[in-house]
Amino acid sequence: MEKVASILMVVDRESEGRQVLNKAIVLARHFGAALELFLCDSEHAYILRHAYNAEGVDRARRACLEDARTYLESLRRSVQADDIRITTHAACESPLYQAIVQRVLETSPDLVIKNAAGGQSSSRCVLDANDWQLARTCPVPLMLTRGRPWQPRPRFAAAVDVSEQETAGMARAILQTSDWLATGCQAELEVLYSERGGDEGDKTARASELLRTAGEFHVDARHVHVLEGEPEQTLPQFAISRGYDVLVLGALSHRKGLSPLVGTLTSRLVDAIDCDFVLVKPSAYSCPLAARGLHSGNEVRQ
């Protein structure tokens with residue numbers, strides 16, 4: 001992410017989406033970015049796709065799109081944001097994550113923001129299967145928000161891995177995204193790294209590399225936290241104690257030889273911490289859905 005010029009917000013009619021919209025407006029205003037409100041009725045699309053009687057399917061799809069467009073226009077008119085260019089886009093496709101990725105491939109936004117759609121587990125919010133698939137396939141930074149309001153001066157953190165196991169350039173991509181977002185939001189930014197152990201000389205070298213790279217992105221050494229232990233255990237507890245509003249981290253496993261999967265650490269952090277997450281992929285990432293040539297004619301623009 002070199003800039004934030006356009007934001008795609010996924011609208012969810014079933015959730016308490018006002019907090020998500022407010023955050024999208026705040027982000028668009030901070031960056032002077034255009035904002036698109038995107039609504040896809042994937043449940044209706046699934047029903048239509050599996051209809052036994054094909055008669056009336058096209059008519060039902062058009063009615064679905066028209067209803068979605070009416071809702072989006074009402075939502076857009078409810079926003080007091082004359083200083084922001086807000087457009088709308090409606091689709092009737094299933095599954096939802098593919099429709100979102102398709103729209104990203106068509107319009108190339110710099111950031112996607114979406115409400116975390118999962119239910120509650122104990123005292124925390126978990127993600128559903130669609131959100132995990134979106135985390136795996138979205139080719140641009142993805143913000144999954146739980147709706148909790150940010151502090152007046154938000155607190156951002158970037159969780160990075162500077163070990164030799166990490167994907168080349170991943171730490172830099174995370175820090176670059178974190179720097180742009182935190183600077184634009186006038187937020188505090190801290191950097192987190194958990195050292196798994198090993199040779200003391202290697203540990204010192206990694207810590208020095210982390211400090212040097214963080215410094216390139218305007219993070220003072222006082223705001224770089226090097227923890228000891230497996231990150232799956234150390235980072236959730238530390239992040240909870242710091243009360244971050246947004247945590248930026250890599251979306252995929254860094255283990256060599258694996259297909260693109262959401263990493264164990266990412267899963268553990270998202271499940272454990274009640275904050276917003278920005279999931280980042282390395283610059284070399286290739287979206288698996290792009291090669292399929294996804295296309296739909298079932299959308300309405302405004």
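Observations on the model:
- Residue selected from the range 220-245 under the condition touching a residue at least 60 places away in the same chain (Cβ under 8 Å) and crowded, with 18+ Cβ neighbours inside 10 Å, by the criterion nearest to the chain's Cα centre (by Cα): 245
- Unique residue being touching a residue at least 24 places away in the same chain (Cβ under 8 Å) and out of contact with any helix residue (DSSP H, G or I) (no Cβ under 7 Å at 6 or more places or on another chain) when the list is 28, 90, 81: 28
- Any hit, the range 142-159, residues being out of contact with any strand residue (DSSP E or B) (no Cβ under 8 Å at 6 or more places or on another chain) and not in a loop (DSSP other than H, G, I, E, B): no
- Any hit, the range 153-163, residues being touching a His at 6+ places or on another chain (Cβ under 8 Å), under 29 Å from residue 102 (Cα atoms) and surrounded by 15 or more Cβ atoms within 10 Å (Cβ to Cβ): no
- The number of residues in the range 98-110 that are within 17 Å of residue 286 (Cβ to Cβ) and surrounded by 19 or more Cβ atoms within 10 Å (Cβ to Cβ) comes to 4.
- For the range 132-141, a residue qualifies if it is free of Cβ contacts under 8 Å to residues at least 60 places away in the same chain and either in a loop (DSSP other than H, G, I, E, B) or surrounded by fewer than 22 Cβ atoms within 10 Å (Cβ to Cβ) (or both), and exactly one does: 133.
- The set of residues in the range 35-71 that are at pLDDT 85 or above, among the hydroxyl-bearing types (Ser, Thr, Tyr) and part of a loop (DSSP other than H, G, I, E, B) is empty.
- Residue in the range 168-190 that is touching a helix residue (DSSP H, G or I) at 6+ places or on another chain (Cβ under 8 Å) and of a type in the set (Val, Ile, Thr) present: no
- Residue within the range 75-85 that is under 30 Å from residue 179 (Cα atoms), part of a helix (DSSP H, G or I) and out of contact with any Cys (no Cβ under 7 Å at 6 or more places or on another chain) present: yes
- Looking only at the range 19-34, residues that are assigned to a helix (DSSP H, G or I), farther than 23 Å from residue 94 by Cα and in contact with a Lys or Arg (Cβ under 9 Å, 6 or more places away or on another chain) come to 3 in all.
- Only listed residue being within 30 Å of residue 32 (Cβ to Cβ) and of a type in the set (S, T, N, Q), chosen from 208, 241, 178: 178
The values are calculated or read from the model by the stated rules, or taken from the named source; none is laboratory data. Worth saying up front: this structure is predicted, and the values here are computed from it rather than measured. Because the Cβ atoms are built from the backbone with ideal geometry, glycine has one as well, and the counts that use them run over all protein chains shown.
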